[in-house]
């Protein structure tokens, strides 16, 4: 299932509800349901904030698939330097830097991530999600960021 939501934080709850419903249908244990709800919400909030910060009206896309567990992929459209895995997670966690990857001296350093996250979305959201999902893949690039979270079913 693929959802495309406008970059509005009020729609994140809708996505969380769908993720939880599909998790239950795909045999995810009750102990993981709150983790799915929280991680999906945080990933969507981060993506919504990224699109809004970049003044993009493009939707945040969320792909949810089941089978022997649950896979949730959240994509924003804010262009960032290309990176995968820990490099991408570190890029998103940086407290200072330049979105184009250019080096900045201390006098001209700007905190572009400060604008990316509002008060309700912590810059450490990727670290939080990593602690909640069984597997996490993060990719950044010119087309935006992709956060893929996986939870395995018990059976």
Distance between region 129-153 and region 25-66 - C-alpha centres, whole angstrom
10
Could the peptides 1-11, 39-49 be put in order, highest first, of the mean number of other beta-carbon atoms found within 10 Å of their residues?
39-49, 1-11
What full-extension length gain, to one decimal in nm, is calculated for residue 128 and residue 65 as 0.36 nm per residue of separation minus the Cα-Cα distance?
20.5 nm
Taking 0.36 nm per residue of sequence separation and subtracting the Cα-Cα distance, how much length would be gained by fully extending the chain between residue 84 and residue 58, in nm to one decimal?
7.1 nm
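Laboratory data are not the source of any read-out in this text; all were calculated from the coordinates shown. Since the model is a prediction, treat every value here as computed from it, not as a measurement. Note: ideal-geometry Cβ built from the backbone for every residue, glycine included; neighbour counts use all protein chains shown.
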